[in-house]
Every structure is written in C-alpha cells, then in structure tokens.
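Encoded as structure tokens, the structure appears first; notes follow it.
The values are calculated or read from the model by the stated rules, or taken from the named source; none is laboratory data. In this text the structure is predicted, and so the values were computed from the model without any measurement. When we count neighbours, we look across all protein chains shown, and the Cβ atoms used for this are built from the backbone with ideal geometry, even at glycine.
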C-alpha cells in the first residue's frame, strides 16, 4: 500500500518535487514566497500552506549557489505552551527560535559570522546554541508552572539583529535571508498575534524578508500592522467552480494513492468527482476521505459524505469549545446557525417541493456588514475550521445594503441533502454565486447569541484547557493506527502529556525495529499533530 502523506512534516524535502501539483495559484504563491517581499499566506487547515512554504525553501536551498538566498524555516506551534509572567514572552521566544534556526541554517551552508555580527547577536556561532536552547526550552516548559520567570536579557535588540543579518549577507556575498514562519498565528491568544505582527513588520531590510502562514478567522493583526502597506497578502483558496479544479485535485490524489485505488477511481470517475467537490479544495480532507474508501459506489460515497461531513468535521469544530472555554458559546451558536438556519434555507432555495432541483442553486449566504460583533466572531471561527469560506466583502444585497458573502463547505451542505451523489452533479452545474440567502443586521436568529454572556479567554482558562488536553489519550491524535500502536504499545506512552515530555532520542531508543529516520519522522509528525490539537 502506498503511504499517503496528510501532513507536510511527514515528507522528506527531496520528496516534495515528486508530490507537488501546481496550478497558476500555487505557482504565484511559490514565486511570491521566493521573492524579497514580506508575505502573509492565509489558508484553512489542510489546504497546503506548510507544503508550499517547505517547497519554496527547498527550491531556494537547491539553487543557493546561483540564487544566493538563505531560507530559514521556523514553526511556531509550540507557542501554545508559553505561560510566563513576561509581557513580551512570545516576542522573546520568537526571537530566540529565529536566531537558533538562523545559526543552524548558516552553519549548514558554511557561512562566516564576523566578530561584529557575533557581538550584535550576543551568541557563539560555532555550532554553540545552548543559551538559545535554554531560553526556548524554558518558555516551552512554562505551561507546567504558569507564571514562571525567565531571564531573556541575553537576547539582542531587533535593530542589532537586523544589522547583524545585513553584515552576514555582505560578508558572505549573498543576496538575502528569508525567514519562513509556519503556524505563525494559529492559537486564540490575540496578544501573541499582535506581538508577532509588530515584529514581522519591523523584521526586514534590503537583505531580510519574512513570510508567514496564518489561518483565516482567528488572526489578529493588531493596530500597528497594515496588511496593504506592510506585506503582500495571498490567499490559498481553491474554488470548486474553477474549470481546472477537478483535474488539479485528481492529479494530487494520483501522486499518492496506490495503483489499486487509482484504478478504482478511474473506473468510477463521476462518483469520485463528488468526493472531490466535497473536499472544497482541501488536500488533507480529500486524501483522508479517499484513504477511507474501500470501494467506490453511490452507497459508499453517500455514507462517506454523511459520516465525515455531517459528523467528523462538525465534531472537530465543536471540540474547539472544549479546548478554549471562552469561545464555546460562539462555537456552539455558529454550528446551530449553520445546521438549523442557513443550510435548511439553502435546501429550500435549491429544491422544488417535488424534490427536483431548481434552475439556479446556491451554497452561499450573506451577512449585513453591521451585524453584531458576536455574530461575525462566530462566523470567523467557522472559517477557521473550513466549514464556511469568506468569499468577499462589500457585496450588495436586497435594497442595496452592503454585507459579506460566505460559502458553505459543499460537503457539509451535501451531507444534509437526500441522495447526495445522485443530486450532486446537477447541484454543482447550477450554482450561481449571486444567488444567496440574506441575514440582515438585526435578524431574529442573532438574539440567541447576543443575550448570552461571552467570557473572554484568559491565561488561567488557557492553562486549564491545556492541562485537560494533555491528560487525554494519545488515541485522540489524528495519527495513523501504526503510529498510535508504536507510541502506546512499543514506547509505553499513554497520554498526550507522556508524548510531549519524551525527547526525540528517548523515543528513538524505545522503538525497536524502527530506523532513526523513520522514528524521528514519526516523532515530528506526532508532535506537530499534538501541538495543532492543543492549539485548536
């Protein structure tokens, strides 16, 4: 059986060119990632942000001798665990992580640090990063003892870092250093996000630029960051109505599935197209649902749609309320609004009373621009999990009122329709983006949320949520059965907390008959999945 990669962390850099599929959208994003512009790349979970960033880094590394650009890749998932008394805890941790990865990438390329640069950075560069390691570890272990005081006075100031980076480029005759910040703003802690984007804005020079991957709906840029002026903004959205959508997504699957499953897909192309449309352009969802198909038939696809898009995808969204108590009211209301109001309205809009499909269909709805802030926050959380997609602002509705247009995930919508596979082809063919349900600024359904008390997230609640998650079984992680079996039975790790407290080397030692590379790959994938699980 072919190994299907759901996560970029599982893929070796040299495998990336064999797996990547590029349309005009992906090519434009990759070229922007390799340019000297500060870039924000926005996309829902599983759409491929990390993949494209890793691929851009890989290309820059492969072409270093000619392009003379040093890529530095940094993931910020572990920021969830930071709970200290330091007001600038995230900023300090981010600087320490960035400098450590810079030194590692520079050593790999044999770059020379002058005494001037080393003095400015206040660190040794001959493979010695222990002081940075200590700071990073102290911050990432602070969840165990919230309120920990950490000495970060050895970290250099931002201006000194920029001067040092410029000097490194000049001394080594390279054109630039590009920082790739993955999972830059994925957790529900606005103060961390504001610190990041303030630093992101200032972390540039003629030699230095930054790229950041963020999620829609949960990113707070802060008052000092202006997206238009401070960065190039790219969205990783794939429209199911684009002419090349089916062929693009099919090719992505063909790159990974085994020959048996590929033959099955080709023999049942029309039925499988329904699964592709339901994935709404999300490669991770498509690969996971494809992997679960034992055969392709109308009944099998119908069962897949109902099980995954009616149950699993909503369970993931609802779980956010358990992880982050302050958002539970918003999360629960958003689900109720979609399931009880929006989708039933769209079904009526799409079907005649005799069950036949109308001449124009819709998976779109519109919210007045002056709707209560609580409503817009609930919708933002739905975009984070990919259940809805924000299409555009400033859209005219009835009586020329202005609002925001959204699209319901096609799979989520289709899961509420009778005979999904039988109706899918005609529904898709008749979709009209200007045919949408409207919800004005004072719609009656809003009162259910407006009247409820919404508690803002605080550090105490976040720590309680994280501790509750850490006590859960490893079986809750979205890993393969093989990985879970190895972690639980071979390594003796039962809870998520057990995993996070096990070093990579300890895990390698515990997993017999597993090579170093494979066990490290599994540890990285498990840790990434763990931190994404904790972070929402």
Item checked: Residue satisfying condition, being within 29 Å of residue 5 (Cβ to Cβ), assigned by TED's automatic domain parsing to the domain that holds residue 183 and assigned to a strand (DSSP E or B), within set 70, 102, 107, 60 -> 70
Notebook entry, point to check: Which of the residues belonging to the range 303-322 are under 23 Å from residue 389 (Cα atoms), surrounded by fewer than 22 Cβ atoms within 10 Å (Cβ to Cβ) and over 20 Å from the mean Cα position of the chain (by Cα)?
Noted result: 306, 307, 310, 311
Note to self: Only one of 160, 167, 182 is touching a helix residue (DSSP H, G or I) at 6+ places or on another chain (Cβ under 6 Å) and in a strand (DSSP E or B). Can you tell me which?
What the structure shows: 182
Margin query: Taking the criterion of being at pLDDT below 95, over 29 Å from residue 387 (Cα atoms) and in contact with a helix residue (DSSP H, G or I) (Cβ under 7 Å, 6 or more places away or on another chain), would at least one residue in the range 220-231 satisfy it?
Written below: yes
Note to self: Tally up the residues in the range 63-104 that are closer than 19 Å to residue 50 by Cβ and touching a helix residue (DSSP H, G or I) at 6+ places or on another chain (Cβ under 9 Å), please.
What the structure shows: 13
Check: Name the residues in the range 349-371 that are under 23 Å from residue 399 (Cβ atoms), surrounded by fewer than 16 Cβ atoms within 10 Å (Cβ to Cβ) and modelled with pLDDT under 95, would you?
Finding: 369, 370
Notebook entry, point to check: Can you find a residue in the range 31-38 that is within 30 Å of residue 477 (Cα to Cα), in the same structural domain as residue 147 (by TED's automatic domain parsing), crowded, with 21+ Cβ neighbours inside 10 Å and in contact with a strand residue (DSSP E or B) (Cβ under 6 Å, 6 or more places away or on another chain)?
Noted result: no
Notebook entry, point to check: Got at least one residue in the range 323-335 being surrounded by fewer than 18 Cβ atoms within 10 Å (Cβ to Cβ) and closer than 12 Å to residue 417 by Cα?
Noted result: no
Notebook entry, point to check: Considering only residues of the range 344-392 that are in a helix (DSSP H, G or I) and in contact with a helix residue (DSSP H, G or I) (Cβ under 6 Å, 6 or more places away or on another chain), which is farthest from residue 285 (Cα to Cα)?
Noted result: 374
Next item on the list: Residues being touching a strand residue (DSSP E or B) at 6+ places or on another chain (Cβ under 9 Å) and assigned to a helix (DSSP H, G or I): count how many of those fall in the range 420-446.
Entry: 7
Check: Limited to the range 51-85, what total is found for residues that are farther than 22 Å from residue 168 by Cβ and over 17 Å from the mean Cα position of the chain (by Cα)?
Finding: 5
Item checked: Breaking point among (1) surrounded by fewer than 16 Cβ atoms within 10 Å (Cβ to Cβ); (2) modelled with pLDDT of 80 or more, for residue 452 -> (2)
Next item on the list: Determine whether residue 35 is out of contact with any helix residue (DSSP H, G or I) (no Cβ under 9 Å at 6 or more places or on another chain) and either within 23 Å of residue 205 (Cβ to Cβ) or not in a loop (DSSP other than H, G, I, E, B) (or both).
Entry: yes
Next item on the list: Go through the range 377-397 and give me each residue that's farther than 18 Å from residue 237 by Cα and out of contact with any strand residue (DSSP E or B) (no Cβ under 7 Å at 6 or more places or on another chain).
Entry: 377, 378
